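Structure first, then comments.
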Amino acid sequence: MSGITQTVRYALRQLGRSPGFTVTAILTLALGIGANVAVFSVMNAVMLNPSGIPHPDRIVALRANYSVGVLNNISMSATDFGDAISEGTPLAAGAVMNSANYNYLAGDSSPVRLIGAQVSWHWFDVFQATPMMGRTFRPEEDLPNANHELVLSYRSWKNRFGADPNIVGRKLNLNEQSYEVIGVMGPEFGWPNQAELWVPLGLPSGAYTDPKNRYNEYLFAVGRLRDGATVQAVNVFLKRKAQVSVLAEGTASYGKASGWGMFSMPLNDFVSGNLSKPLSILLGAVLLILLIVCANIAGLQLARATARQREVAIQIALGASRARLIRHALVESLILAAAGVGLGLLLAKVAIPALMLLAPVNVGANIQVPMGMDVLLFAVAVGVLCAVLCGTAPAWHMTHVRWFQSLQESGRSETSSRSRQRLRSALVIAEIATAMLLLVGAGLLVRSLEQVERVETGLDSRGVMTALLSLPPDKYKSNESKEAFFSALETQLRAQPGVEDVAMSDSLPFVALGGSSSFIILGRPVAANDPGPHGNIRSISPGYFSTLRIPVLRGRVFTDGDRATTEQVAVIDDVLARQYWPNQDPVGQHIAFGLKTPPITIVGLVKHARDNSLEADGTEGYYLLPLAQQPVRDFSFAVRTSAANPESIADAMKAAARGVDPNQPMYDLKSMDERIDASLSGRKFLVVLLSLFAGLALLLAALGLYGVITYGVKLRMRELGIRLALGAQRSDVLRLVLGQGLRLAAAGLALGLASVIAANRILASLLFQVSWFNPLTLLATSLMLAVTVVFASYLPAQRASKVDPMETLRQE
């Protein structure tokens, strides 16, 4: 222990003698470590350890899929879930959830919308979550007409109800029905994270075994693995159950024709979704920045080793072992890394909220990012890595010094110094290559974002304001009552100043609430093992196409004359027409939901409008039905206004809804442009952060190059003085030094290009209509690096050209 204490004291004294180096090294390490911890914290919260879920590796999402079409990962039906938890299942517990919105009335105040989740009674058991106050649901409460209990989330209890300690037992008016609060969850649990309350789902017990409900997939299902069970075991069980169900349907099995099946996946994978690859790339980017940081500090350490060369030679001559010298060097690096970890954690604490502001709304608003033990362990691991990377090369060079030659030359060893210079140059080449890789990646993603933003949406979003509204099922039970509400609300909205047109739908474009459904084409035989046509389905008002300016290609659109008592009609888009009526005119054709349902006449053909994504939409078409013939309770609406700012009519829209029913609040008011922009938030998140990290890498590489050139000039000061004394022009010296920087840049660019080629598969998977080998991006990146190199090399080159040869020779 005394030896270790002595080594630490010696290392602290050495660092204290070089305060400029020490402060620079700690701040640089803190920057690199802080960036890594911040990105890892977000990645951990999204992908590895979703907030509020103990042992998330034991939780699986249960899913259904169809091999025909695009439905390869969808929710389950109640019947599917019943099979998943039947006898022999590898699951210890399972539960299902359906999202629900509740209009909360508190006394005489205006109603507010609460985000809710209807769950089966095992929901909290699956996640092994216990309430902070009260209790969770009982089996007898998860039945029809008995499900009027609720559990509040901690956030809702604190923000909506003022952290009332007597909240348990209180009655709340939700959707104009009385619900009793039976419990409050703690702050650590919030799954799904946006839920403000949970109520029992209340399905009849027979719903989980009814084969007629097999393909009514609307429930999100989860399960907890038994001890020793695996995801693979669950998938084997689900596959076997699916095969039995398909056989039970007979030879004309829809399940067999459509390739229906069930599977499970780790909940972590389900939660991360499309963010897993961008977050992994960002973590890789900050790790590369950390390598640049370590390379710079190792270069500074090599410079310090040169300055201490005579001191080390004396220590070796007096009997100091190489192991002791290596220990001294590594302890210095450990001290720097420890200080860098401490300061880096503070920087990460500040950076994480900024990252969440840049993150997509579904992540930033719903994911908690705590800095728990796993994050601290990651920070320690990164610190140890930095200590090794920063200290290994300097320790090796320090202990391999030609000590006898150093003593003879009074501490000046040209050969050793030049050896260290070559190592520092190699480190700078690696830094330039890393910076080029990040810059090219950022540049390609910027080009991809530009390409995505040029994609035609199929509608005119300018001047359109949107909102959502949910009708309580107990008050609006009949189709007539829902239709009357729609009609009255549309009349109220059209009467508002500046309103040009109004549209209503179960899901507007970029609202992501709609569904899909199979249908049949009357008069067209279906081949064996053919599941038949399938498309996205929407219920819309007559003003839908005129409000959103969706072009009508043929036929007509809906009118006020299309009522529940008139002929059933539909409008399809050109994508669905190409899928199922190629080289035919679909107008006048008839479709239906089944042979026993009324026929629906296709009366019009419209242009396809993108619905959820600018880059991935368009693979499946739409068929649209009149809202009067297919009324819904949860719907969205769009208002086209002549106002320059569509948000200016938000209050008028709320007033219109209150004029129809003062107990129905309007929520999620956003312009259509804002919704479209939000669909790109994930890509913009990656572009912004990768660009920031690429810029940081470029700055660090420039600093490293500046240090190498400056140190090289110092080593060649005698040579440069002799050159000038023998008649060399100062411009010759300037070119000589600049040439050194350009040679390093050329080597770095070549290595960087090779790294870009090696990473092309990763880059290509994130690009949209842009090739990874993009000459313009590569040229722009190379020019940027070249300019940076020239600037970083010019200052030491200029100083070298102003050397006084007589003064230099006199000092030598």
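The values are calculated or read from the model by the stated rules, or taken from the named source; none is laboratory data. Keep in mind it's a predicted model, so treat the numbers as computed, not measured. Neighbour counts run over all protein chains shown; Cβ positions are idealised from the backbone, glycine included. Please note that ligands, DNA and RNA were not included when accessible areas were found on the heavy atoms of the full protein model with its side chains. Shrake-Rupley method; radii C 1.70, N 1.55, O 1.52, S 1.80 Å.
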Meets criteria (surrounded by 15 or more Cβ atoms within 10 Å (Cβ to Cβ) and under 28 Å from Arg494 (Cβ atoms)) for Val587
no
Against the conditions (1) surrounded by 13 or more Cβ atoms within 10 Å (Cβ to Cβ); (2) under 25 Å from Gln664 (Cβ atoms), where does Ser110 fall short? Just the number, please.
(1)
Among the residues of the range 178-188, which ones are open to solvent by 10 Å² or more (accessible area, probe 1.4 Å) and part of a loop (DSSP other than H, G, I, E, B)?
Pro187, Glu188
The residue from Ile115, Ile167 that alone is part of a strand (DSSP E or B) and closer than 28 Å to Ile53 by Cβ is Ile115
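Out of the range 709-728, which residues are modelled with pLDDT of 75 or more and open to solvent by less than 30 Å² (accessible area, probe 1.4 Å)?
At the first step, the residues of the range 709-728 found to be modelled with pLDDT of 75 or more are 709-710.
Listed by number, the list holds a single entry, Ile709.
Does Leu468 satisfy the criteria of being under 39 Å from the mean Cα position of the chain (by Cα) and either under 27 Å from Ala100 (Cα atoms) or open to solvent by less than 20 Å² (accessible area, probe 1.4 Å) (or both)?
yes
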Can you pull out the helices (runs of 4 or more DSSP H) entirely within the range 201-303 that have at least 1 residues that are in contact with a strand residue (DSSP E or B) (Cβ under 8 Å, 6 or more places away or on another chain) and of a type in the set (A, V, I, L, M, F, W, C)?
231-248, 267-272
Take the residues of the range 116-153 that are of a type in the set (A, V, I, L, M) and crowded, with 17+ Cβ neighbours inside 10 Å: which is farthest from Ala95 (Cα to Cα)?
Met133
Can you pull out the residues in the range 564-583 that are open to solvent by 20 Å² or more (accessible area, probe 1.4 Å), more than 19 Å from Glu620 (Cβ to Cβ) and either hydrophobic (A, V, I, L, M, F, W, C) or out of contact with any strand residue (DSSP E or B) (no Cβ under 8 Å at 6 or more places or on another chain) (or both)?
Ala564, Thr565, Thr566, Asn583
Hits in the range 253-268 (condition: more than 15 Å from Asn72 (Cα to Cα) and touching a residue at least 24 places away in the same chain (Cβ under 8 Å)):
Tyr254, Pro266, Leu267, Asn268
Collect the residues in the range 765-792 that are among the aliphatic types (A, V, I, L, M), in a helix (DSSP H, G or I), under 27 Å from Arg454 (Cα atoms) and open to solvent by less than 30 Å² (accessible area, probe 1.4 Å), keeping them in residue-number order.
Leu778
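Do you know which residues across the range 729-764 are of a type in the set (S, T, N, Q) and open to solvent by 60 Å² or more (accessible area, probe 1.4 Å)?
First pass over the range 729-764, keeping only residues of a type in the set (S, T, N, Q): 729, 731, 740, 755, 760.
Selection gives Gln729 alone.
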Criterion (open to solvent by less than 60 Å² (accessible area, probe 1.4 Å), within 24 Å of Arg454 (Cα to Cα), in contact (Cβ under 8 Å) with a residue 24 or more places away in the chain and of a type in the set (Val, Ile, Thr)) met by exactly one of Val606, Val660
Val606
Report yes if Leu493 is of a type outside the set (D, E, K, R) and either on the phi > 0 side of the Ramachandran plot or in a strand (DSSP E or B) (or both), otherwise no.
no
Can you tell me which residue is most open to solvent (accessible area, probe 1.4 Å) among those in the range 522-546 that are assigned to a loop (DSSP other than H, G, I, E, B) and at pLDDT 90 or above?
Leu522
Could you run through the range 536-571 and say how many residues are over 22 Å from Ser461 (Cβ atoms) and aliphatic (A, V, I, L, M)?
4
Do you know which of the residues in the range 234-271 that are under 30 Å from Ala45 (Cβ atoms) and open to solvent by 40 Å² or more (accessible area, probe 1.4 Å) is modelled with the lowest pLDDT?
Asp269
Does at least one position in the range 18-27 carry a residue that is of a type outside the set (S, T, N, Q), within 30 Å of Ser276 (Cβ to Cβ) and at pLDDT 85 or above?
no
Here is a check on your reading of the model: is Thr434 open to solvent by 20 Å² or more (accessible area, probe 1.4 Å) and under 37 Å from the mean Cα position of the chain (by Cα)?
yes
Is there any pair linking a residue in the range 37-58 that is under 17 Å from Thr230 (Cα atoms) to one that is modelled with pLDDT under 70, with Cβ under 8 Å and at least six apart or on different chains, and which?
Pro56/Leu48; Pro56/Asn49; Pro56/Pro50
Exactly one of Leu779, Leu783 is farther than 15 Å from Ala694 by Cβ and modelled with pLDDT of 80 or more, and that one is Leu779
Among the residues of the range 589-608 satisfying the criterion of being modelled with pLDDT of 90 or more and small (Gly, Ala, Ser), which is nearest to Ser679 (Cα to Cα)?
Gly604
Within the range 547-563, which residues are buried (at least 16 other Cβ atoms within 10 Å of the Cβ), within 17 Å of Ala503 (Cα to Cα) and out of contact with any Pro (no Cβ under 6 Å at 6 or more places or on another chain)?
Thr547, Leu548, Arg549, Ile550, Val557
Scan the range 609-618 and give yes if some residue there is at pLDDT 95 or above and either among the small types (Gly, Ala, Ser) or buried (at least 20 other Cβ atoms within 10 Å of the Cβ) (or both), otherwise no.
no
Regarding the range 203-226, can at least one residue be identified that is hydroxyl-bearing (Ser, Thr, Tyr), surrounded by 13 or more Cβ atoms within 10 Å (Cβ to Cβ), farther than 19 Å from Arg113 by Cα and in contact with a helix residue (DSSP H, G or I) (Cβ under 8 Å, 6 or more places away or on another chain)?
yes
Exclusive hit being open to solvent by 50 Å² or more (accessible area, probe 1.4 Å), within 24 Å of the chain's Cα centre (by Cα) and of a type in the set (Lys, Arg), set Arg462, Arg454:
Arg454
From Tyr154, Tyr215, which residue is within 30 Å of Ser518 (Cβ to Cβ) and among the aromatic types (Phe, Trp, Tyr)?
Tyr215
